[in-house]
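Remarks on the structure that follows.
Bear in mind that the values in this text are calculations on the coordinates, not laboratory data. These numbers come from a predicted model, not from an experiment. Glycine gets a Cβ as well: all are built from the backbone with ideal geometry, and neighbour counts include every protein chain shown.
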Amino acid sequence: MLLNRFGAWSLILFSMLCTLCHAVELEQAFPIEFALTPNYIGTKISIIRSNTSELPESINREAYATIDRARDALVELQSANGMWKTNYGDETILPALALFDGYTPSPFYSNKLERAISAAQDWLKVNANKPWSIKQTKEAAITINLLALSKQTDTVPPAAIDHLKNISPATLHQLDPIGKYFLIIALAQLNELTLTSFDTIIREQASVDKNDLLPISIIGISRLMRAKTDIPTNDAKAYLRFLSSKLQLGYHNPSPNNEVLSPQLAFLTTIFASSFTNRQLALDTTLFPYDWRNHLANRIIAAQIYCSETGAPYWKENAGKDEARSSYKALEATSLALITLTNLAN
């Protein structure tokens, strides 16, 4: 059981009860079910929607009301070509992942998703044989995850696969933790994630500041993915204990030094912590508390802000900075917050 809470596919993605394929000599193949989004058919908020949720009904309803409002605001920003243009003129495909509800795209946003998927395919066709910047490498990894969700991975040009498979250590070092995560999953979707890839990613992340929780989450996820058993390794548990101590999820009196929980950290934390079964958490009380999902969902909902000009809801990467709703960081934060909330509420 690699990601027991992140069922259906595997952002999306990045929801669980997925079976990890055993490695061959130097390569580890992963099922497409490695999820970013949960396993349910997208519907508007209803009582039925929470039947499989571990969140209390009140939090679950608030989570889905938040999701629906933020999704509506997010799709308004999509460009005619299917991408999302930032306030600096560049584009990203990441918000499309926030419109998936599992195997089936939400019917309310199906036209938006079709345009995004088409734009993703076009992007790869145009850019596959060109040199990629760091941002383009990240977008390519996100694009492949989007195509995997829509069962279109067979349309990925071989040149794009080779680029991601042979990414240099220098480029890997410059990718942010979210970029590294989508790179890992993209390579897994294409059955190109080798043990050497794992070692490189883990070594590179281990050189980062030990107090930075984002790379620590990536290391934990990588350790779990590399394991050939559903029993978490001791080092993976140690990483989760460190996150639990820093985030203080489930504690009623957080210290003044309580870690600020960005959408990026919430996203990676949810993927990592959901890799542990409820039984594993219950048997080891030094790991995340049993009701960590409740507290994490509440903190994500509380972090949502509203555009002063339009009243549209969105999230920022950093609560202390002024980020326009259409900035890349805000689009990424909003997308990851939506994916995380959807996973927690399922």
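Just a few scattered comments:
- For the stretch 48-345, the direction-averaged projected area of the alpha-carbon convex hull comes to 15.6 nm².
- Exposure proxy order (Cβ contacts within 10 Å, fewest to most) of Leu172, Leu195: Leu195, Leu172
- The lysines within cross-link reach of Lys237, meaning a Cα-to-Cα straight distance under 30 Å and a gap of 8 or more places when in the same chain, are Lys138, Lys165, Lys180, Lys210, Lys228, Lys246, Lys316.
- In terms of other Cβ atoms within 10 Å, Val75, Val156 run from fewest to most in the order Val75, Val156.
- Modelled spin labels at Lys165 and Val126, positioned 7 Å past Cα toward Cβ, are 2.6 nm from each other.
- When each of Trp123, Trp84, Trp132 is scored by the number of other beta-carbon atoms lying within 10 Å, the sequence from fewest to most is Trp132, Trp123, Trp84.
- Amide H contacts of Ala128 (H built 1.01 Å from N, in plane; Pro and chain starts excluded): no residue 5 or more places away or on another chain comes under 5 Å.
- The simple spin-label model puts a point 7 Å past each Cα toward its Cβ; for Asn81 and Lys151 those points are separated by 2.9 nm.
- Label positions at Ile231 and Glu91, each projected 7 Å from the Cα along the C-beta direction, are separated by 5.0 nm.
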